[in-house]
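Throughout, read-outs are computed from the coordinates displayed, never taken from laboratory work. Remember, it's a predicted structure, so these values are computed and weren't measured experimentally. When we count neighbours, we look across all protein chains shown, and the Cβ atoms used for this are built from the backbone with ideal geometry, even at glycine.
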Amino acid sequence: MKFSFNRNQFIVALFSLVIFLLLLNIILSKIYKHTLNHPEKVELFSGEIRDRFISALHNYGIRNDWVDVNKNDIKFGDSLKYSFKVKVPRDLPIALLLNEISNSFQPGEINSTSRETKSNGTTYMFLSSGGFDKLKTEFDYDPDIRRTSFTFGFLVYGLNSLDQNTQDQIIRIPELYIAVLAPSKESLELSKKLKVNDKNYAVILNNDIKDLDYKLSSSYSPERLKLSIRSILGDFSNPVAYLINGNSGFSSESSFPFISKEFEIRNIKFIDINRFNLIEEKGSPIDVAFRQIIDQAKENITELIYISAGNYIQLQPLMLEYKKIGYKFVNPSPELSEYLK
């Protein structure tokens, strides 16, 4: 069987096929782009919207008795069944609540609008789904209410054990912890980086000091110990505190009274880390141990937590949850100053 196509006809057919494929690609691209930019809209029931709304309020420590709900008398359909009035404590920006509520829904599930009557005044929020209004809320600041708040500070040791990227990450985070450094040349460089990033540090003395300039060996003579002490005080001149572990071998060695006296001569007192919450010694997973400390905390007292750098990083998401409901994580320096009085 022979085909009657000549060479010119074949070229025309091939060119037509190319044009067809290009047009098809353009059409499919537009359809695909439209799908990406316009998520499928769905309609949520009012009850589902209400439940997610209440959950978002709880995420920021809003108590049930601060929320008044009026279930509208709608017998048919699913439109605007719930109206809320929410009292908000002064320390919580209403804008954060609005953002948390909106983020409780997937794209396409709801439309959210809000308006504020005046600065620091009433804010209204309206939620609709499937083209129907489902929930409206009135937010007002109330100076007579406040969220339960506890305060915590972290002393973070072991930054030297982190890889460079992780170390840089923890130094740059906005949290105001105190880094705990054992004297060494590496720690000296680290103290400079901490200072640049507005972080304070404390110096801990122990038997793990390897650098000969700072080593406090029990076999050293008094004169040799003085040289090490001078190097420590000279190179680490601005710590918020000097720490020891009163339960360690270092503090029970025969040389310790001499070392302690040399620091006292210079008006420097030691703080025993056993006065802090030694979170790793609780023997529980770090998140469980942290919740235990949280549950036992008392208002108006700053609890200081002594923690490794790796575990401190691991706790960041959990800390964020507690921050949302009003817990505070602060610079421990003022509390350490009280310890030294």
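Computed quantities for the displayed model
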| item | result |
| --- | --- |
| Selection from Trp66, Thr302, Leu227 lying farthest towards where the dipole of the chain points positive, charges on Cβ | Trp66 |
| From phi via Karplus (6.51, -1.76, 1.60), per-residue ³J(HN,Hα) for region 171-188 in Hz, x at Gly/Pro | 5, 8, 5, x, 4, 9, 8, 10, 7, 9, 10, 8, x, 6, 5, 5, 5, 4 |
| Long-range HN-HN contacts of Leu181 with modeled amide H, under 5 Å | Ala202, Val203, Ile204 |
| Surrounding net charge for Tyr201, when Lys and Arg each add one and Asp and Glu each subtract one, Cβ distance under 11 Å | +4 |
| Range in the chain, longest, excluding exposed GluC sites (Glu not before Pro) [loop by DSSP; at most 12 other beta-carbon atoms within 10 Å] | 41-298 |
| Relative contact order for the chain, counting Cα pairs under 8 Å that sit 6 or more residues apart, in percent | 18 percent |
| Using a Förster distance of 30 Å, the FRET efficiency for Ser112-His58 (Cβ separation, nearest 0.05) | 0.95 |
| Candidate values (1) 25.7; (2) 20.3; (3) 28.5, label of the one derived for Kirkwood radius over Cα pairs in Å | (1) |
| Local electrostatic count at Thr123 - Lys and Arg +1, Asp and Glu -1, tallied over other residues with Cβ under 11 Å | -1 |
| Alpha-carbon centroid distance for the pair region 218-277 / region 50-69, whole angstrom | 52 Å |
| Lys, Arg +1 and Asp, Glu -1 on Cβ, resulting dipole of region 204-319 about Cα centre, debye, nearest 20 | 280 debye |
| Spatially near lysine pairs across region 46-141, Cα under 13 Å, sequence gap of 8 or more or different chains | 7 |
| Modelled FRET efficiency - R0 41 Å, Leu227 with Arg275, Cβ distances, 0.05 increments | 0.85 |
| Principal semi-axes in Å for region 151-339 [√(5λ), Cα gyration tensor, largest first] | 30, 18, 15 |
| Candidate aspartates and glutamates for bridging to Lys324, where Cα separation is under 20 Å - those fewer than 8 sequence places away on the same chain excluded | Asp51, Asp65, Asp91, Glu100, Asp140, Asp142, Asp144, Glu175, Asp287, Asp295, Glu299, Glu303 |
| Using θ = phi - 60° and Karplus 6.51 cos²θ - 1.76 cosθ + 1.60, couplings along region 334-340 (whole Hz; Gly, Pro as x) | x, 5, 5, 4, 5, 4, 7 |
| Antiparallel DSSP beta bridges within the chain, percent to nearest 5 | 35 percent |
| Karplus-derived HN-Hα couplings along region 296-307 (A = 6.51, B = -1.76, C = 1.60, θ = phi - 60°), whole Hz, x at Gly and Pro | 8, 5, 10, 5, 6, 10, 8, 7, 9, 10, 9, 8 |
| In region 107-193, the trypsin sites (Lys or Arg not before Pro) that fall in loop regions by DSSP, at most 13 other Cβ within 10 Å | Lys118, Arg146 |
